[in-house]
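Throughout, read-outs are computed from the coordinates displayed, never taken from laboratory work. All of these numbers come straight from a predicted model, not from anything done at the bench. All Cβ positions, glycine included, derive from the backbone under ideal geometry; neighbour counts span all protein chains shown.
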Amino acid sequence: MNLIVNEAFKVALAARSNAHAPYSKFQVGAALKIKGHDQIFPGCNVENASFGATVCAERNAILSAVANTGKIEVEFVVVVCDTKPVTVPCALCLQVLSEFAKADVPIHLADTESIKKTVTFGELLPMPFNTLDC
Ligand code: THU
């Protein structure tokens with residue numbers, strides 16, 4: 001496995017341990033590599049008593065990368081859950097990702113041990129909602 005992807009896996013795994021998931025008990029960690037930056041941006045799910053205010057791990061990583069660096073272009077994403085088979089990002093996160101990721105961006109899906117499957121963003125969300133190209 002590519003060194004930087006392996007590094008991002010470790011970042012996502014560590015972020016997962018910070019998940020605030022007292023309601024679902026389902027902890028998720030994410031890590032985002034963006035082009036032109038060495039830093040890996042972590043995210044974890046942060047749940048809320050209202051349920052609706054919960055934010056997923058992937059979106060937290062994306063929002064943090066934008067807040068820290070401005071305009072971002074995603075290079076790859078790592079998502080860590082503790083499921084077999086591995087879990088894919090929800091449609092809401094994919095839609096948010098669509099602002100910043102091209103179809104060929106790799107999404108590495110991992111359990112707590114290692115990356116188990118890699119798919120492209122375009123495979124997960126082939127037709128994002130988009131008003132800019134209309
Ligand atoms: N969750 C994520 O963090 N990412 C996803 O892509 C799907 C779901 C979180 C939200 C909630 O805290 C828990 O997983 C159960 O849905």
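Note down the relative contact order for the chain as a percent, whole number, built from C-alpha pairs under 8 angstrom at least six residues apart.
On the way: 272 pairs, mean separation 26.8, N = 134.
With pairs under 8 Å counted, the relative contact order is 20 percent.
Using mean Cβ contacts within 10 Å as the protection proxy, how do 79-86, 33-40, 60-67 order, highest first? Walk me through the numbers before you get to the answer.
Values: 79-86: 18.0, 33-40: 15.6, 60-67: 19.6.
Ranked from most to least packed, the peptides come out as 60-67, 79-86, 33-40.
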* Asked: Rg to Rh ratio, the range 11-56, alpha-carbon atoms and Kirkwood radius?
  -> 1.08
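Could you size up the charge dipole of the chain around its Cα centre, putting +1 on the beta carbon of Lys and Arg and -1 on that of Asp and Glu, and report it in debye to the nearest 20? Please list the in-between numbers first.
Working: 11 positive and 13 negative charges, 40 e Å.
It works out to roughly 200 debye.
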* Structure fact -> For the table K10/K71; K25/K116; K35/K116; K33/K84; K33/K116; K35/K71, the rows whose alpha-carbon distance is greater than 20 Å are K10/K71; K25/K116; K35/K116; K33/K84
* Asked: Cα-based Rg (one decimal) and Dmax (whole number) for the chain, in Å?
  -> 13.9, 43
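So between K116 and A49, what do we pick up on full extension, going 0.36 nm a residue minus the alpha carbon distance?
Numbers: separation 67, 0.36 × 67 = 24.12 nm, distance 3.22 nm.
Roughly 20.9 nm would be gained on extension.
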